[in-house]
Amino acid sequence: MDGVTPRRIVLVAAVTVLVFVLDRITKIAVDSSLAVGASVDVVGQWVRIRHVTNNGAAFGLLPERTTLLSILSVLAVVAIVFYYRRLAAQSRLIAATLGMQLGGAFGNLVDRVGQGYVVDFIDVGIPDGPRFWSFNVADSSIVVGIIAVTVLLWWQERQQPRDLRHA
């Protein structure tokens, strides 16, 4: 990683491993304690743990495209590492968001390659109303990481003097 200090590399690696391990533990717990399709209310009907197998992308998109999604996941990991290597040098928070995205990508990739599907289990919705797509720790980490890095980069740009922003 160009310009990235060893401390930033350790931070990225630590967050990546933390997200990956948390994702694996939660998926294994759901897999071993709930039958596919079964659910348990956590916060009334607002939040449930519901065991779903997803052979598509995040939020059920592109069903039954395991090979394509596996290839895209590997390409995404490579792109994240190359694109963010300079960004990670700018800020510890940006480095942490990189780790979040990598940990999530690895978590879902391991499922997809090993099982042909990803275990999703977080189910959010309105009681007796519409439900959001089921997702998992890896999906959440990827989405939060992308949103966070976008906000951080926007914030950094806003903090630069006006004449430097338009140079």
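Number of residues in segment 122-145 that are modelled with pLDDT of 90 or more and under 14 Å from the mean Cα position of the chain (by Cα) equals 12. There is no residue in segment 34-50 that is at pLDDT below 75, of a type in the set (A, V, I, L, M) and surrounded by 13 or more Cβ atoms within 10 Å (Cβ to Cβ). Among the criteria (1) charged (D, E, K, R); (2) within 20 Å of residue 17 (Cβ to Cβ); (3) surrounded by 14 or more Cβ atoms within 10 Å (Cβ to Cβ), the one residue 92 does not fulfil is (3).
If we scan segment 155-165, do we find a residue that is surrounded by fewer than 21 Cβ atoms within 10 Å (Cβ to Cβ) and modelled with pLDDT of 85 or more? Within segment 155-165 (the criterion being surrounded by fewer than 21 Cβ atoms within 10 Å (Cβ to Cβ) and modelled with pLDDT of 85 or more), the answer is no, since none of the residues qualifies. Checked against the criteria, residue 21 does not count as over 16 Å from residue 139 (Cα atoms), at pLDDT 75 or above and surrounded by fewer than 16 Cβ atoms within 10 Å (Cβ to Cβ).
Within segment 41-56, identify whether any single residue is in contact (Cβ under 8 Å) with a residue 60 or more places away in the chain, small (Gly, Ala, Ser) and assigned to a strand (DSSP E or B), and answer yes or no. For segment 41-56, residues in contact (Cβ under 8 Å) with a residue 60 or more places away in the chain, small (Gly, Ala, Ser) and assigned to a strand (DSSP E or B): absent. Note on segment 121-148: residues that are touching a residue at least 40 places away in the same chain (Cβ under 8 Å), part of a helix (DSSP H, G or I) and surrounded by fewer than 16 Cβ atoms within 10 Å (Cβ to Cβ) amount to 2.
The values are calculated or read from the model by the stated rules, or taken from the named source; none is laboratory data. This one's a predicted model, so the numbers in the text were calculated from it and none came from an experiment. Positions of Cβ are backbone-derived with ideal geometry, glycine not excepted, and every protein chain shown enters the neighbour counts.
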